[in-house]
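The values are calculated or read from the model by the stated rules, or taken from the named source; none is laboratory data. Computed from a predicted model, the values in this text were never measured in an experiment. Counting neighbours? That spans all protein chains shown, and the Cβs are built from the backbone with ideal geometry, glycine included. These area figures cover heavy atoms from the full protein model, side chains too; ligands, DNA and RNA do not enter into them. Shrake-Rupley method; radii C 1.70, N 1.55, O 1.52, S 1.80 Å.
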Amino acid sequence: MTRGATQAIGVDIGGTGIKAGIVDLDQGKLSSDRIRVSTPEGAEPKAVLAAVREVLDTLGVGDSDMALGVAFPAIVKGGRTLSAANVSKKWIDFEAEKFFEDGLGRDIHFVNDADAAGIAEVRHGAAEGQAGLTILTTLGTGIGSAMIYDGVLIPNSELGHVQRAKHGGDAESYAAYSAMEREKLSWGDWTERLQWYYSYIEFLFSPDLFVVGGGVSKHPEKFLPLLKLRTPIVPAVHRNSSGIIGAASLAADGPPAVVAAS
Ligand code: BGC
(Lines give C-alpha, C1' and ligand atoms only; values in the text may rest on other atoms or scores of the structure.)
Protein backbone atom coordinates (compact mmCIF):
# COMPACT_ATOMS: atom_id res chain seq x y z
CA MET A 1 0.00 0.00 0.00
CA THR A 2 1.89 3.04 1.25
CA ARG A 3 5.43 1.75 1.76
CA GLY A 4 7.83 4.07 -0.05
CA ALA A 5 5.34 6.95 0.07
CA THR A 6 6.78 10.43 0.63
CA GLN A 7 3.75 11.95 2.34
CA ALA A 8 1.14 10.81 4.85
CA ILE A 9 -1.60 12.43 6.92
CA GLY A 10 -1.44 12.76 10.70
CA VAL A 11 -4.29 13.59 13.07
CA ASP A 12 -3.69 14.25 16.77
CA ILE A 13 -6.78 14.01 18.97
CA GLY A 14 -6.31 15.76 22.31
CA GLY A 15 -8.43 16.59 25.33
CA THR A 16 -9.02 20.13 24.05
CA GLY A 17 -8.14 20.20 20.34
CA ILE A 18 -7.98 17.98 17.25
CA LYS A 19 -5.08 18.89 14.97
CA ALA A 20 -4.12 17.57 11.56
CA GLY A 21 -1.62 18.07 8.79
CA ILE A 22 0.08 16.48 5.81
CA VAL A 23 3.57 15.26 6.67
CA ASP A 24 6.64 15.14 4.47
CA LEU A 25 8.03 11.80 5.61
CA ASP A 26 11.62 12.37 4.44
CA GLN A 27 11.94 15.73 6.17
CA GLY A 28 9.73 14.72 9.12
CA LYS A 29 7.79 17.97 9.07
CA LEU A 30 4.46 19.37 8.02
CA SER A 31 4.08 20.10 4.32
CA SER A 32 0.64 21.70 4.77
CA ASP A 33 -1.03 24.10 7.16
CA ARG A 34 -1.83 22.73 10.58
CA ILE A 35 -5.61 22.54 10.93
CA ARG A 36 -7.25 22.63 14.37
CA VAL A 37 -10.80 22.28 15.66
CA SER A 38 -11.89 22.10 19.29
CA THR A 39 -12.48 18.62 20.69
CA PRO A 40 -16.27 18.18 20.96
CA GLU A 41 -17.69 18.45 24.50
CA GLY A 42 -17.56 15.03 26.16
CA ALA A 43 -15.27 13.63 23.40
CA GLU A 44 -17.64 10.78 22.51
CA PRO A 45 -16.58 8.53 19.59
CA LYS A 46 -19.23 9.68 17.07
CA ALA A 47 -18.60 13.37 17.69
CA VAL A 48 -14.81 12.89 17.52
CA LEU A 49 -15.15 10.99 14.24
CA ALA A 50 -17.24 13.85 12.79
CA ALA A 51 -14.60 16.37 13.91
CA VAL A 52 -11.82 14.30 12.31
CA ARG A 53 -13.81 14.15 9.07
CA GLU A 54 -14.09 17.94 9.23
CA VAL A 55 -10.33 18.50 9.65
CA LEU A 56 -9.58 16.07 6.79
CA ASP A 57 -12.05 17.87 4.50
CA THR A 58 -10.57 21.24 5.47
CA LEU A 59 -7.11 19.90 4.63
CA GLY A 60 -8.51 18.72 1.28
CA VAL A 61 -7.59 15.08 1.91
CA GLY A 62 -11.06 13.64 2.64
CA ASP A 63 -10.70 11.26 -0.34
CA SER A 64 -6.92 10.96 -0.50
CA ASP A 65 -5.26 7.54 -0.56
CA MET A 66 -2.27 8.72 1.51
CA ALA A 67 -1.68 6.71 4.68
CA LEU A 68 -3.55 8.18 7.66
CA GLY A 69 -2.37 7.94 11.26
CA VAL A 70 -4.51 8.98 14.22
CA ALA A 71 -2.94 9.72 17.61
CA PHE A 72 -5.28 9.36 20.59
CA PRO A 73 -4.93 10.03 24.35
CA ALA A 74 -5.42 6.47 25.58
CA ILE A 75 -3.74 3.07 25.74
CA VAL A 76 -4.05 1.66 22.20
CA LYS A 77 -3.43 -2.03 21.62
CA GLY A 78 -4.24 -3.84 18.39
CA GLY A 79 -6.43 -0.91 17.30
CA ARG A 80 -8.52 -1.00 20.52
CA THR A 81 -8.53 1.88 22.98
CA LEU A 82 -8.28 0.44 26.49
CA SER A 83 -8.44 3.54 28.70
CA ALA A 84 -9.99 7.02 28.77
CA ALA A 85 -8.53 9.59 31.13
CA ASN A 86 -9.61 12.88 29.54
CA VAL A 87 -12.19 11.64 27.02
CA SER A 88 -15.57 9.83 27.19
CA LYS A 89 -15.54 6.48 29.03
CA LYS A 90 -17.06 4.99 25.84
CA TRP A 91 -13.49 4.65 24.55
CA ILE A 92 -12.62 2.03 27.17
CA ASP A 93 -12.23 -1.35 25.45
CA PHE A 94 -13.47 0.11 22.15
CA GLU A 95 -12.61 -1.00 18.59
CA ALA A 96 -11.46 2.53 17.81
CA GLU A 97 -9.43 1.79 14.68
CA LYS A 98 -12.26 -0.23 13.10
CA PHE A 99 -14.82 2.44 14.07
CA PHE A 100 -12.72 5.08 12.28
CA GLU A 101 -11.99 2.83 9.30
CA ASP A 102 -15.72 2.13 8.85
CA GLY A 103 -16.62 5.79 9.42
CA LEU A 104 -14.01 7.20 7.03
CA GLY A 105 -14.06 4.35 4.52
CA ARG A 106 -10.27 3.91 4.47
CA ASP A 107 -7.38 2.22 6.28
CA ILE A 108 -6.07 4.07 9.26
CA HIS A 109 -3.49 3.45 11.97
CA PHE A 110 -4.48 4.27 15.56
CA VAL A 111 -1.74 4.96 18.11
CA ASN A 112 -1.26 6.50 21.58
CA ASP A 113 -0.64 10.25 21.23
CA ALA A 114 2.54 10.41 23.31
CA ASP A 115 3.98 7.36 21.57
CA ALA A 116 3.37 9.13 18.25
CA ALA A 117 5.17 12.23 19.56
CA GLY A 118 8.06 10.05 20.73
CA ILE A 119 8.42 8.48 17.29
CA ALA A 120 8.52 11.93 15.66
CA GLU A 121 11.25 13.11 18.01
CA VAL A 122 13.31 9.92 17.59
CA ARG A 123 13.06 9.86 13.81
CA HIS A 124 13.39 13.57 13.14
CA GLY A 125 13.85 15.58 16.32
CA ALA A 126 15.29 15.99 19.79
CA ALA A 127 16.05 12.28 20.33
CA GLU A 128 17.45 11.46 16.88
CA GLY A 129 20.47 9.16 17.26
CA GLN A 130 20.05 9.04 21.06
CA ALA A 131 21.40 5.82 22.61
CA GLY A 132 19.85 4.19 25.69
CA LEU A 133 16.56 5.24 27.22
CA THR A 134 14.71 8.37 26.10
CA ILE A 135 11.54 9.32 27.94
CA LEU A 136 9.36 11.85 26.16
CA THR A 137 6.57 13.41 28.18
CA THR A 138 3.81 15.59 26.81
CA LEU A 139 2.51 18.21 29.24
CA GLY A 140 -1.02 19.14 28.18
CA THR A 141 -4.50 18.23 29.39
CA GLY A 142 -2.86 15.11 30.82
CA ILE A 143 0.72 13.85 30.94
CA GLY A 144 1.56 11.41 28.16
CA SER A 145 4.75 9.40 27.94
CA ALA A 146 6.79 7.54 25.34
CA MET A 147 9.67 5.29 26.33
CA ILE A 148 12.20 4.63 23.60
CA TYR A 149 15.23 2.41 24.03
CA ASP A 150 17.97 2.61 21.38
CA GLY A 151 15.40 3.99 18.95
CA VAL A 152 12.78 1.29 19.63
CA LEU A 153 9.45 2.33 21.14
CA ILE A 154 8.15 0.46 24.20
CA PRO A 155 4.47 1.36 23.69
CA ASN A 156 1.76 2.47 26.13
CA SER A 157 3.93 3.44 29.09
CA GLU A 158 1.31 5.75 30.76
CA LEU A 159 3.73 7.52 33.10
CA GLY A 160 1.22 10.33 33.68
CA HIS A 161 -0.63 7.96 35.94
CA VAL A 162 2.11 7.26 38.48
CA GLN A 163 0.59 7.93 41.89
CA ARG A 164 1.57 10.58 44.40
CA ALA A 165 2.38 8.46 47.43
CA LYS A 166 1.85 11.08 50.16
CA HIS A 167 -1.11 12.95 48.72
CA GLY A 168 -2.75 10.33 46.51
CA GLY A 169 -3.99 10.88 42.96
CA ASP A 170 -2.39 10.82 39.54
CA ALA A 171 0.75 12.75 38.67
CA GLU A 172 -1.07 14.25 35.70
CA SER A 173 -3.84 15.89 37.73
CA TYR A 174 -1.11 17.54 39.83
CA ALA A 175 1.57 18.41 37.29
CA ALA A 176 0.06 18.53 33.75
CA TYR A 177 -0.07 21.94 32.07
CA SER A 178 -3.86 21.87 32.65
CA ALA A 179 -3.18 21.88 36.44
CA MET A 180 -1.22 25.12 36.07
CA GLU A 181 -4.10 26.70 34.12
CA ARG A 182 -6.85 25.30 36.35
CA GLU A 183 -5.18 26.33 39.60
CA LYS A 184 -3.70 29.55 38.16
CA LEU A 185 -0.21 28.56 39.30
CA SER A 186 2.83 30.73 38.63
CA TRP A 187 5.59 29.21 36.47
CA GLY A 188 7.67 28.82 39.65
CA ASP A 189 4.92 26.94 41.52
CA TRP A 190 4.22 24.70 38.57
CA THR A 191 7.93 24.01 38.12
CA GLU A 192 8.08 22.75 41.73
CA ARG A 193 5.47 20.19 40.80
CA LEU A 194 7.45 19.23 37.70
CA GLN A 195 10.55 18.91 39.86
CA TRP A 196 8.79 16.28 41.98
CA TYR A 197 7.52 14.50 38.85
CA TYR A 198 10.74 14.34 36.84
CA SER A 199 12.84 13.45 39.91
CA TYR A 200 10.52 10.54 40.59
CA ILE A 201 10.56 9.31 36.98
CA GLU A 202 14.36 9.72 36.93
CA PHE A 203 14.61 7.62 40.10
CA LEU A 204 12.38 4.89 38.64
CA PHE A 205 13.99 4.58 35.20
CA SER A 206 17.40 6.33 35.12
CA PRO A 207 16.83 7.57 31.57
CA ASP A 208 19.51 9.05 29.32
CA LEU A 209 17.35 11.87 27.98
CA PHE A 210 14.03 13.55 28.79
CA VAL A 211 12.18 15.27 25.95
CA VAL A 212 9.28 17.57 26.83
CA GLY A 213 6.45 17.99 24.33
CA GLY A 214 2.94 19.42 24.33
CA GLY A 215 1.87 23.01 23.71
CA VAL A 216 3.90 24.31 26.65
CA SER A 217 7.14 23.19 24.96
CA LYS A 218 6.80 26.50 23.06
CA HIS A 219 8.03 28.19 26.27
CA PRO A 220 10.87 25.95 27.45
CA GLU A 221 12.82 28.89 28.91
CA LYS A 222 10.07 29.43 31.53
CA PHE A 223 10.56 26.10 33.27
CA LEU A 224 13.24 23.76 31.88
CA PRO A 225 16.24 25.74 33.21
CA LEU A 226 14.68 25.71 36.71
CA LEU A 227 14.61 21.90 36.94
CA LYS A 228 17.46 20.20 38.79
CA LEU A 229 17.98 16.73 37.34
CA ARG A 230 20.92 14.49 36.50
CA THR A 231 19.31 13.66 33.17
CA PRO A 232 19.45 16.18 30.30
CA ILE A 233 15.97 17.59 29.61
CA VAL A 234 15.20 19.28 26.27
CA PRO A 235 12.08 20.55 24.47
CA ALA A 236 10.54 18.58 21.61
CA VAL A 237 11.78 19.97 18.29
CA HIS A 238 8.33 19.61 16.73
CA ARG A 239 6.54 21.00 19.78
CA ASN A 240 2.83 20.57 19.39
CA SER A 241 3.11 18.96 15.94
CA SER A 242 5.01 15.87 17.14
CA GLY A 243 1.81 13.82 17.49
CA ILE A 244 0.74 14.60 13.92
CA ILE A 245 4.18 13.79 12.49
CA GLY A 246 4.61 10.56 14.47
CA ALA A 247 1.12 9.27 13.68
CA ALA A 248 1.67 9.89 9.96
CA SER A 249 5.10 8.30 10.10
CA LEU A 250 3.81 5.14 11.83
CA ALA A 251 0.87 4.87 9.42
CA ALA A 252 3.28 5.03 6.47
CA ASP A 253 5.32 2.15 7.95
CA GLY A 254 2.39 -0.16 7.24
CA PRO A 255 1.78 -3.28 9.33
CA PRO A 256 4.84 -4.67 11.13
CA ALA A 257 6.54 -7.62 9.48
CA VAL A 258 5.67 -10.91 11.20
CA VAL A 259 8.77 -12.71 12.46
CA ALA A 260 8.26 -16.47 12.68
CA ALA A 261 9.50 -18.20 15.83
CA SER A 262 12.29 -20.66 15.08
C1 BGC B 1 -3.62 9.24 28.91
C2 BGC B 1 -2.48 8.87 27.99
C3 BGC B 1 -2.15 10.05 27.08
C4 BGC B 1 -1.92 11.30 27.91
C5 BGC B 1 -1.67 12.52 27.04
C6 BGC B 1 -3.28 10.51 29.65
O7 BGC B 1 -4.33 10.88 30.49
O8 BGC B 1 -3.86 8.20 29.84
O9 BGC B 1 -2.82 7.74 27.23
O10 BGC B 1 -1.03 9.74 26.32
O11 BGC B 1 -3.03 11.57 28.74
O12 BGC B 1 -2.74 12.81 26.23
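Here are the numbers for the structure shown:
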quantity: Near pairs, Cβ below 6 angstrom, 6+ apart or cross-chain, from segment 115-131 (within 12 Å of Ala146 (Cβ to Cβ)) to any residue that is assigned to a helix (DSSP H, G or I) and of a type in the set (D, E, K, R); calculated: Ala127/Glu121
quantity: Flag if Ser145 is within 30 Å of Trp190 (Cα to Cα) and in contact with a Leu (Cβ under 6 Å, 6 or more places away or on another chain); calculated: yes
quantity: Breaking point among (1) under 20 Å from the mean Cα position of the chain (by Cα); (2) away from the ligand (no atom under 13 Å from the Cβ); (3) under 20 Å from Ser217 (Cβ atoms), for Gln195; calculated: (1)
quantity: Meets criteria (out of contact with any helix residue (DSSP H, G or I) (no Cβ under 8 Å at 6 or more places or on another chain), acidic (Asp, Glu) and farther than 25 Å from Val122 by Cβ) for Asp24; calculated: no
quantity: Any hit, segment 102-114, residues being under 19 Å from Glu172 (Cα atoms) and either assigned to a helix (DSSP H, G or I) or of a type in the set (Ser, Thr, Tyr) (or both); calculated: yes
quantity: Any pair with Cβ under 9 angstrom, 6 or more apart, that starts in segment 10-27 at a residue that is outside the structural domain of Gly142 (by TED's automatic domain parsing) and hydroxyl-bearing (Ser, Thr, Tyr) and ends at one that is open to solvent by 10 Å² or more (accessible area, probe 1.4 Å) and in a loop (DSSP other than H, G, I, E, B); calculated: Thr16/Thr39; Thr16/Asn86; Thr16/Gly140; Thr16/Thr141
quantity: Counted residues, segment 209-230 - those being more than 20 Å from the chain's Cα centre (by Cα) and surrounded by 15 or more Cβ atoms within 10 Å (Cβ to Cβ); calculated: 3
quantity: Of residues in segment 75-109 being within 12 Å of the ligand (Cβ to nearest atom) and buried (at least 24 other Cβ atoms within 10 Å of the Cβ), the one nearest to the chain's Cα centre (by Cα); calculated: Val76
